[in-house]
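Student: Sharing a structure below in structure tokens format, with a few things to ask.
The values are calculated or read from the model by the stated rules, or taken from the named source; none is laboratory data. As the structure is a prediction and not an experimental result, all values here were calculated from the model. Please note: Cβ atoms are built from the backbone with ideal geometry, for glycine as well, and neighbour counts cover all protein chains shown.
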Amino acid sequence: MFAYLMLPLRRRGCVGLKEIGTQHTTLDVFLCACLGVPGLVYAFTAHNELAWLRLLVAVEFFVKLFVSFTSVLADGMLRGQSMDASSRDGWMVYDRKTAVMHILTLIAVFIYRGVEGHASRGQLGIAVALGLVSLAIFHRRLHYTFVEQRWRPARICARLWHVGGTVAPLIGLLPRFLV
């Protein structure tokens, strides 16, 4: 089991998305851009939260807008990636680093919102569960890309990952709506 989980990480970099023939559409670019939506929704709905927290999340989601822009260019449009080994990652290097920081910040904000009562346990539970499912789908995408080198199922997983990566934070950042 552990070997299966680690295989895509060990194989990462052995092939690029363009090398295996990945072809994205406007839908893929749109889903990458949607990653910044939860921060915008939070900015308009977080009226009862402390100013420092709103500022922290606003800064984080400003960075997330950069992540969305980077994701559009790196993952959606495959910028900087070549069809051979000369530039396998392209802009994906930036996309990967900013995405990890974003996930860690979201976890911290979810914990704070739960402790302070701004979000219900059920609401945060749904957001975390959906986030974990999305991470599992992301792992499957890595497996299809780097181990099996099949771009079509990898693209489907990427789409599902981007939907989950938008909806999970959205649920967690909305004002309290479950008991």
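Student: Are there any pairs, at least 6 apart or on different chains, whose C-beta atoms fall under 7 Å, with the first in region 14-33 and within 17 Å of residue 166 (Cα to Cα) and the second acidic (Asp, Glu) and surrounded by 13 or more Cβ atoms within 10 Å (Cβ to Cβ), and if so, which?
Tutor: Sorted first by the residue in region 14-33, then by its partner, the pairs are 32/75.
Student: Going by what's in this entry, would residue 122 be described as within 17 Å of the chain's Cα centre (by Cα) and small (Gly, Ala, Ser)?
Tutor: Against the criterion (within 17 Å of the chain's Cα centre (by Cα) and small (Gly, Ala, Ser)), residue 122 does not qualify.
A quick yes/no check of all residues on (1) part of a helix (DSSP H, G or I); (2) at pLDDT below 90:
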{"position": "74", "(1), (2)": "yes, yes"}
{"position": "81", "(1), (2)": "no, yes"}
{"position": "86", "(1), (2)": "yes, yes"}
{"position": "93", "(1), (2)": "yes, yes"}
{"position": "113", "(1), (2)": "yes, yes"}
{"position": "128", "(1), (2)": "yes, no"}
{"position": "144", "(1), (2)": "yes, no"}
{"position": "153", "(1), (2)": "yes, no"}
{"position": "163", "(1), (2)": "yes, no"}
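Student: So, one more: With the condition kept exactly as written, say whether any residue in region 135-153 is out of contact with any Pro (no Cβ under 8 Å at 6 or more places or on another chain), small (Gly, Ala, Ser) and in contact (Cβ under 8 Å) with a residue 12 or more places away in the chain.
Tutor: So far as region 135-153 goes, no, none of its residues is out of contact with any Pro (no Cβ under 8 Å at 6 or more places or on another chain), small (Gly, Ala, Ser) and in contact (Cβ under 8 Å) with a residue 12 or more places away in the chain.
Student: Here is a check on your reading of the model: is residue 99 closer than 17 Å to residue 171 by Cβ and buried (at least 17 other Cβ atoms within 10 Å of the Cβ)?
Tutor: no
Student: Quick check on residue 98: is it closer than 20 Å to residue 40 by Cβ, hydroxyl-bearing (Ser, Thr, Tyr), assigned to a helix (DSSP H, G or I) and at pLDDT below 80?
Tutor: Criteria met by residue 98.
Student: Could you go through region 46-69 and let me know if any residue there is closer than 16 Å to residue 161 by Cα, at pLDDT below 75, of a type in the set (Val, Ile, Thr) and surrounded by 15 or more Cβ atoms within 10 Å (Cβ to Cβ).
Tutor: yes
Here is a yes/no grid of residues against (1) closer than 23 Å to residue 11 by Cβ; (2) under 11 Å from the mean Cα position of the chain (by Cα):
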| site | (1), (2) |
| --- | --- |
| 99 | yes, yes |
| 110 | no, no |
| 136 | yes, no |
| 151 | yes, no |
| 154 | yes, no |
| 163 | no, yes |
| 167 | no, yes |
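Student: Can you work out which of the residues in region 1-49 that are among the acidic types (Asp, Glu) and more than 19 Å from the chain's Cα centre (by Cα) is farthest from residue 65 (Cα to Cα)?
Tutor: 19
Student: Mind listing whichever residues of region 154-173 are among the hydrophobic types (A, V, I, L, M, F, W, C), in contact (Cβ under 8 Å) with a residue 24 or more places away in the chain and either surrounded by fewer than 19 Cβ atoms within 10 Å (Cβ to Cβ) or in contact with a Phe, Trp or Tyr (Cβ under 7 Å, 6 or more places away or on another chain) (or both)?
Tutor: 154, 160, 161, 163, 167, 170, 173, listed by residue number.
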